[in-house]
Amino acid sequence: MTKKKHNILKMSRKIAMITGATSGFGEAIAKTLCQQYDLIITGRNEDKLTNVANWIQEHSSAKVLSLVFDVQDFSACEKAIKNISQEFENIDVLVNNAGLAQELQTVDQADIADWERMIDTNIKGLLYVTRLVSPRMVQRKTGHIINIGSTASHEVYKGGNVYCATKHAVMALTKAMRTDFLPYGIKVSQVSPGAAETQFSVVRFHGDQERADKVYSGYDPLVAQDIADIVEFILSRPAHVCLNEVIVTPTAQFNGVINRN
Ligand code: NDP
Ligand code: 8X3
């Protein structure tokens, strides 16, 4: 291919930003979308983010920008996003994926710090990043925001109280953003998975791998690639089609019901 043709192809690539790309869904989404998009990948762990960026550069011709920041910290989000170079500033797709659950305690016994972390990450972090990325989408009258919700956006389960509340909030925000951004032709979608084997339960149980493994034993859980395939499909729809929400569970799971202990 001539250099000129190569440059034209490069210029026509859209830009996707994925939060929480160091692991699980975010990593799989980044490794899938790199075939079509240039990427901004974010997370808190710089080494893991660099590994994902290196993989992408080895397996695709995508340009990658890695941004290390904690979505709980608005100043850190602002510093990272406002300093994005011109080359990456026109973000076409934002995948709000960074999130976590902490423990499974009933309301009378839970650790307040666990609640704060879930609320600050899953609700406030999603809002902070969207607040910083969306003005340019509005200005350009184009964009697609995909929020990662959960079956917990619809169901509650014992000990899931605050996690489920944060994911119910994500559902409300997905609908609210769709209303806010409708006049600008910006699509807003949500993917709501059930049980998927990632680092999610290890993080939930503060590093207890044995307890995490039990959540996924005795049936075939979803894997991160299942979610990446759905995100890719949502993005592949024509301009006039907005998939509002995809709820996806393992075949063995009915709604929110699995054994989490
Ligand atoms: P993982 O733990 O494997 O990945 C979570 C990602 O979020 C990591 O990249 C982590 O990066 C990032 N993250 C967490 N906290 C922060 C923070 N404060 N700032 C920046 N990044 C952060 O879990 P999953 O891939 O499973 O989870 C991804 C999303 O999917 C979450 O929103 C989760 O609630 C949701 N979900 C998960 C399901 C499951 O069963 N696995 C089902 C339904 C929804 P790092 O720690 O490096 O900063
Ligand atoms: C994560 C899946 O079922 O543990 O959102 O709530 S579940």
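The values are calculated or read from the model by the stated rules, or taken from the named source; none is laboratory data. In this text, all values refer to a predicted model and were calculated from it rather than measured experimentally. Backbone-built Cβ (ideal geometry, glycine too); neighbour counts: all protein chains shown.
Here are the numbers:
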item	result
Number of the condition not met by Gln139 [criteria: (1) within 12 Å of ligand 2 (Cβ to nearest atom); (2) part of a helix (DSSP H, G or I); (3) farther than 21 Å from Ala21 by Cβ]	(1)
Cβ pairs under 6 Å, 6+ apart, first in segment 196-214 and within 11 Å of ligand 2 (Cβ to nearest atom), second part of a strand (DSSP E or B)	Ala196/Leu222
Looking only at segment 142-154, and only at residues there that are among the aliphatic types (A, V, I, L, M) and either within 12 Å of ligand 1 (Cβ to nearest atom) or part of a helix (DSSP H, G or I) (or both), the one that is surrounded by the fewest Cβ atoms within 10 Å (Cβ to Cβ)	Ala152
Criterion violated by Met177 - all others in (1) over 29 Å from Arg13 (Cβ atoms); (2) more than 16 Å from ligand 2 (Cβ to nearest atom) satisfied	(1)
Residues within segment 173-202 that are within 29 Å of Ala113 (Cβ to Cβ) and more than 16 Å from the chain's Cα centre (by Cα), tallied	3
Test: residue in segment 175-188 that is within 14 Å of ligand 1 (Cβ to nearest atom) and at pLDDT 95 or above	no
Pair list, Cβ < 6 Å and 6+ apart or interchain, from segment 238-261 residues that are more than 14 Å from Thr151 (Cβ to Cβ) to residues that are at pLDDT 95 or above	Cys242/Lys187; Leu243/Ser189; Leu243/Ile234
